[in-house]
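So the structure is just underneath, and the comments pick up after that.
FYI, it's all coordinate maths here, none of it is from the lab. These figures come from a predicted structure and were not determined experimentally. Every residue, glycine among them, receives a Cβ derived from its backbone with ideal geometry; neighbour counts consider all protein chains shown.
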Amino acid sequence: MTDVLAPEIPALLAGLRDTYHSGRTKPLAWRLRQLRGLRRMLLDQGQELERALGQDLAKSPIESQLTEIGVVLGEADHALRHLRRWLRPKRVPVPLTVAPATARVIREPLGVVLIISPWNYPVQLSLVPVVGALAAGNAVVLKPSEFAPATSELLARLLPGYLDSDAVAVVEGGVEETTRLLTERFDHIFFTGNGTVGRIVARAAAEHLTPVTLELGGKSPVYVDADADLATTADRLAWGKFMNAGQTCVAPDYVLATGETASRLVPLLRAAIGRLYGPDPSTSTDYGRIVNDRQFTRLTGLLDGLNPEIGGTVDAGSRYIAPTVIDGVAADAPIMSEEIFGPLLPIVHVSGPDEAITVIANRDKPLALYLFTRSSVLVRRFLRDTSSGAVGVGIPAAHLFVPGLPFGGVGESGVGRYHGEFSIDTFSHRKAVLAKPMRPDTVKLAYPPFSARRELFARLFIARTGSRSGQADDR
Ligand code: NAD
């Protein structure tokens, strides 16, 4: 649905709620139809989507396929393959005190959900949550980012043609429309963006006791150990950092390494960047641009007073910032105080893994942590002594391509998770169902008055149940 104006939002939501209450979105067949429709849209309209992403972010067509359209296709296919199994009720054992009885967990949709997406991967971060919400049987309002206007307009135009337009609506716009949407009661709000707006969303949701998923950002650190295969490390770091001109929530934000390791890594990074984008990345059709002037000014401000070893050139007219590496940055420099979200890679010197763990553990919990080392002992230490949404050993960002892994943050980097079956958990209520036959009527044993015989029974039951759960805990 295109061009929904703020005052029209209540009527739009009433329509979606009617559709949901009609029961239409609940059958498996409806859900599979929506997933197939989305799949068809991505295949039919791939070029249109590539064009919009090129317009908004100067993304190359192949990067758009790999990191946006392909990720949504992967999630839709995975859900199409497994949804029937995911939705099966799960039997759980009943304790003796309740037996005989059957206990099941069934998943029911939440109702009408709101998905608010950002500009940096405007197709992926809009449609992967939509896959989860529809697979779980919900009606959906999608609010794409106003900072990727070509993609926002295209999604609003295309989606109604491929999905049940009585159950899925796109509301375009910026702060005004989102603020208006947030006054309404939704059954879940799924937000991807920065923590400041995340807090606004959470506050608005609290008014209606609406549960939220907050997919936020943060400074995702990289630790490069002296024993790492530095040539491959440099290639993979350059790929993960400079894709989409660094505007990736799981991009490596900064590197921690000893001065000696850094001095060996920097020339390898220079060579890797040259291989990816040629001697002058400004002429490469595979290298993106900064989304808008505000972000460009913020990023060039972060470079003030720093002396890049690699890159550092900028062009305001085309919002170009070269892939940039700055070695020996102080841990308290301005570039280390906020998420960079652009193609600037500072390297902070540490004395070794102990100091790296201390640096990471003393900061907000990041969305991801990347480790480059040959030592599995070291990997286990980082896993134990640091907290992050995800850990990539030997590879940045790629965990988001694995639908079986939960994607989400912890602490400042977010609340909740999605992808694959985790999306179904996010967009469903898990309902407990206990069914007890009328005969034999063992419930009687719990009725007062408590005679000596009943008391004995009760004590025996409780002791047995208690010892059983004790055994389970010990396992
Ligand atoms: P953005 O500016 O596009 O904002 C995100 C959404 O919030 C948009 O739809 C926007 O319209 C809405 N919004 C903005 N201001 C608002 C307000 N005052 N009230 C209500 N709604 C408002 O995107 P952004 O926040 O610049 O995105 C970048 C951030 O998102 C980074 O911190 C990045 O790390 C994070 N991010 C996280 C993930 C993830 O999956 N965890 C993915 C991408 C980006």
Value at 222 nm in deg cm²/dmol, rounded to 500, when DSSP H runs of n ≥ 4 in the chain each add -39,500 (n - 2.57) | -13500 deg cm²/dmol
Multiply the residue separation of A231 and I106 by 0.36 nm, subtract the distance between their alpha-carbon atoms, and state the gained length in nm to one decimal.
-> 40.0 nm
Please sort 31-38, 204-211 by packing, taking for each peptide the average over its residues of neighbouring beta carbons within 10 angstrom, highest first.
-> 31-38, 204-211
In nanometres, the difference between 0.36 nm per residue of separation and the alpha-carbon distance of R81 and L445 is 126.4 nm
Amide proton proximity set for I326, modelled H, under 5 Å, gap of 5+ = E309, L345, I347
Given 64-71, 105-112, 371-378, the highest-first ranking by average Cβ count within 10 Å works out to 64-71, 105-112, 371-378
Once you put a point 7 Å from the Cα of V377 and another 7 Å from the Cα of I62, both along the Cβ direction, what distance in nm separates them?
-> 4.2 nm
Which order do peptides 417-427, 45-55, 277-287 fall in by mean Cβ count within 10 Å, highest first?
-> 417-427, 45-55, 277-287
Stretch gain in nm, segment L96-A11, where the contour uses 0.36 nm per residue and the Cα spacing is subtracted = 25.5 nm
